[in-house]
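Peer 1: Structure in structure tokens, see below.
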Amino acid sequence: MKLVETARSAMIEIKYHKMRSFLSFFSITIGVISIIYTLTLVYSMNYRMNKAIEINGPGRINIENKNRWEEQGSEYDESKYLTYNDALAIRKTFPELFMVSPYFNKWVRFSDLGYDTYLGIEGITPEWKKRGWIYKMKGRFINKYDIDNKEKVCVIIKEGGWLKKPKWYKFYKYKDSFQEYVKHNELVGKDIKINNNLFKIVGVLEEPPQEQNPKSFIGVGNWEPNILVPLTTLQNLKGYSYNQNNSAIDGINVDTGNRESIEKYKRLISEVIKSRKNDASFLNMRDYIEILKDQMADKQRDMMTVMIIGIIAILAGGIGIMNVSLAAIYSRIKEIGIRRAIGATRFEIMMQFIVEAILLGFLGGIFGVIIGIGAVEYLKIKGDINMMMFRWWMALIAIVIASLTGFISSLYPASVAAKLDPVEALKYE
Amino acid sequence: MIRCEKIVKNYTSKSFVYQALKGVDIEVMENDFLAILGPSGCGKSTLLNIMGFLDIPTSGKYYFKNVDASKLNDKERSYMRLKEVGFVFQSFNLLPRLSTVENIILPALYLGTSRRDAVEKADEFMDLFNMRSKSRNSMLELSGGEKQRVAIIRALINSPSLLLADEPTGNLDSSNANDVIDILLELNKKGMTVVMVTHDINMAKKAKRIIKIKDGVIDEAC
């Protein structure tokens, strides 16, 4: 018998036993929903991880002061902190490094935005732009001259907004006043008052819209500054920071250029610092992949939970199909006998039950996909950026898994049906 | 066409062995119409099942067109049931969830015939048997006589060379029973070999030959 005829016959059976069919594929549906959710999360996390690595550099190392919290308030000892000079020494010793970017954050007072506020700004060097560059630039970036001469210049980062605002945004009350100011004013060439010092805005970096901004997907990097200034200028500026008015910086971002050399340079940089300060134990060196993994660990746990629920649901669905198929066989012994008597082979009887179970799994899969996509869309509206990474092949995989579950769980019942003696089956009432 | 040589069929359970056939020898020629007559439980249906490749004898040989049935595997036996033999049963054995035409074309579909060709052929038969108007009806909507006609058409759909009828009139009133026998006679007239099992002497008398079976052995042949 042609497969299409077997499928037609299976559909008749499924239609005839609507309730029984629904019950047996319902748990498959639940399984498929969780598969779609899990796949979307896995894909999103992988995408975010790869994108983060791509943007931030494959050989990225973050070097920070281990003890900046503990030492707060005690007497400042330069030998226990990273300084700008350490960054210069690393750059000089290893000119082959793709990036050596020291940074330093401070909260400072802005007084001429029409209101008084404290904003976080970041002191950087021109090397900052070597990685993570996603911006459209107006004006110029901070250059070596600015650093060497502690120039009072700054670069503003302008948020990209939304191409199409999500529905939840309507309920999002917080308005970033600084970004509102940036959005409505032409800033390049203007002066801005920071801690009563006039800074010239030399450039504006415009982020891509949220939907296209890789950083919205990356979700790493705890501190996104609004304003960038030369690191040397910021060090002399009064403000609130972990390292009050001294030579210490917050950290150095290094990119070796490739992943393989990370461990080597971790050791070499540590040796350079040790030779300068007789101690490198205050350093906290982490490669970027470690940081990413830490940040994704929570999501991974959620994902595992959902996945386990999904697997259990699919298994329950499979057992349900097996149970229904076995029950169907016992209620259709006579039919099996008739089919055998008119010439059906054992294989054809087997196929009949297998195709029926595959169709049940398939239908469960289709329902699961419909509900799953609905859930994904709902979560998207709620602002879950991971759900924006849903792809149609995920639905396809979920349906294949569902159909496969039907297939596997039908093998035993189908073989029972095929082994029935036609004479005995015909006599069965 | 058919040759049964010393056919023995035993049914074995844990405590005893029941001998349904005790060495039956039968020969059926092409275009024959043989009635196997006997009381209930005498082994006549068992013999028919063996002739129709549904059952295997415990010992003895069964030849169909000189093919030794014992040499055939399950798939080949299924093919013989599909292509060479048509079955008509006392209780019709139609599938209740299928319509008249769906029941009829089922063996053709198993043979690999396209649905279109199978339906075309079924339509021709239904015209012949006055069943065309009932082609979309479910089995619940048919009378006993109509059901048996559907069963006969289903048996004929793959143009078999042998028609086996197991008490084909057993569930019918006398008028419908006579109609069914007339159909079998007509088919036989057109060249079909028919073997019919019955316990009704009047029906058996309409066949060309009668074999009586009693307690698993041929009691009398006429």
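The numbers here are math on the coordinates, done by the rules we state, and not lab data. This is a predicted model, so every value here is computed, not measured. Cβ coordinates were reconstructed from backbone atoms using ideal geometry, including for glycine residues, and neighbour counts include every protein chain displayed.
Peer 1: What number comes out for the charge environment of A:V229, summing +1 per Lys or Arg and -1 per Asp or Glu over other residues with Cβ under 12 Å away? The partial results should precede the final answer.
Peer 2: Details: positive: A:K106, A:K150, A:K152, A:K200; negative: A:E122, A:D146, A:E151.
So the environment of A:V229 carries a net charge of +1.
Peer 1: Right, here's the next one. Give me, ordered by chain and number, the residues 5 or more places off A:L283 or on other chains with an amide H under 5 Å from its own placed amide H.
Peer 2: Distant-sequence amide H within range of A:L283: A:K66.
Peer 1: Past 20 Å, Cα to Cα: identify those pairs from B:K22/B:K214; A:K51/A:K130; B:K121/B:K206; A:K129/A:K183; A:K427/B:K190; A:K2/B:K75, in the order given. Could the numbers behind the result be given before it?
Peer 2: Working: B:K22/B:K214 10 Å; A:K51/A:K130 16 Å; B:K121/B:K206 29 Å; A:K129/A:K183 22 Å; A:K427/B:K190 32 Å; A:K2/B:K75 16 Å.
Cα-Cα > 20 Å for B:K121/B:K206; A:K129/A:K183; A:K427/B:K190; rest within.
Peer 1: Of A:A328, A:I269, A:Y37, whose Cα points farthest to the positive end of the dipole of the protein assembly as shown (charges on the beta-carbon: +1 Lys, Arg; -1 Asp, Glu; origin at the Cα centre)?
Peer 2: Checked the options; the winner is A:I269.
Peer 1: Could I ask something else about it? Among A:P126, A:N85, A:I12, whose Cα projects farthest towards the positive end of the dipole of the stretch A:1-152, with charges put on the beta-carbon of Lys, Arg (+1) and Asp, Glu (-1)?
Peer 2: A:I12
Peer 1: A further question on this structure: Could you work out how far apart the two model spin labels at B:N202 and B:K71 are, taking each label as a point 7 Å from the Cα in the direction of the beta carbon, and quote it in nm?
Peer 2: 4.6
Peer 1: Under 13 Å from the Cβ of A:I354, count the other residues' Cβ atoms, weight Lys and Arg +1, Asp and Glu -1, and hand me the total.
Peer 2: Values: positive: A:R346; negative: A:E13, A:E348, A:E356.
Charge balance in the 13 Å sphere: -2.
Peer 1: Rg to Rh ratio, the protein assembly as shown, alpha-carbon atoms and Kirkwood radius?
Peer 2: Details: Rg = 42.7 Å, Rh = 32.2 Å.
Taking Rg over the Kirkwood Rh, I get 1.33.
Peer 1: Let me ask something else. With 10 angstrom as the radius, rank A:Y81, A:Y378 by how many other C-beta atoms surround their C-beta, starting from the fewest.
Peer 2: Ordered by Cβ neighbours within 10 Å, fewest first: A:Y378, A:Y81.
Peer 1: Of A:W392, A:S403, A:L97, which is farthest towards the positive pole of the protein assembly as shown's charge dipole, taken about the Cα centre with +1 and -1 on the beta-carbons of Lys, Arg and Asp, Glu respectively?
Peer 2: So the residue furthest toward the plus end is A:L97.
Peer 1: Subtract the Cα-Cα distance of A:I309 and A:E224 from 0.36 nm times their separation in residues, and report this length gain in nm to one decimal. Could the numbers behind the result be given before it?
Peer 2: Details: separation 85, 0.36 × 85 = 30.60 nm, distance 3.65 nm.
27.0 nm is the gain from fully extending A:I309 to A:E224.
Peer 1: Can you give the extra length, in nm with one decimal, that the chain gains between A:L411 and A:N50 once fully stretched, where that is 0.36 nm per residue apart less the Cα-Cα distance? Don't skip to the end; give the middle numbers.
Peer 2: Numbers: separation 361, 0.36 × 361 = 129.96 nm, distance 4.09 nm.
The span from A:L411 to A:N50 would gain 125.9 nm if fully extended.
Peer 1: Dipole size in debye (nearest 20) for chain B around its Cα centre, Lys and Arg Cβ +1, Asp and Glu Cβ -1?
Peer 2: My answer is approximately 420 debye.
Peer 1: Let me ask something additional. Taking 8 Å as the Cα distance limit and 6 or more residues as the minimum spacing, I'd like the relative contact order of chain A as a percentage. The partial results should precede the final answer.
Peer 2: Details: 718 pairs, mean separation 131.1, N = 429.
Rounded, it is 31 percent for chain A.
Peer 1: Based on DSSP H runs of at least 4 residues, each adding -39500 (n - 2.57), what is the mean residue ellipticity at 222 nm of the protein assembly as shown after dividing by all its residues, to the nearest 500 deg cm²/dmol?
Peer 2: Details: 20 runs with 302 residues, N = 651.
Result for the protein assembly as shown: -15000 deg cm²/dmol, rounded to the nearest 500.
Peer 1: Can you pull the mean other chain C-beta count within 10 Å for peptide A:343-350?
Peer 2: On the way: counts 19, 7, 9, 3, 3, 4, 1, 0.
What the average comes to for A:343-350 is 6.
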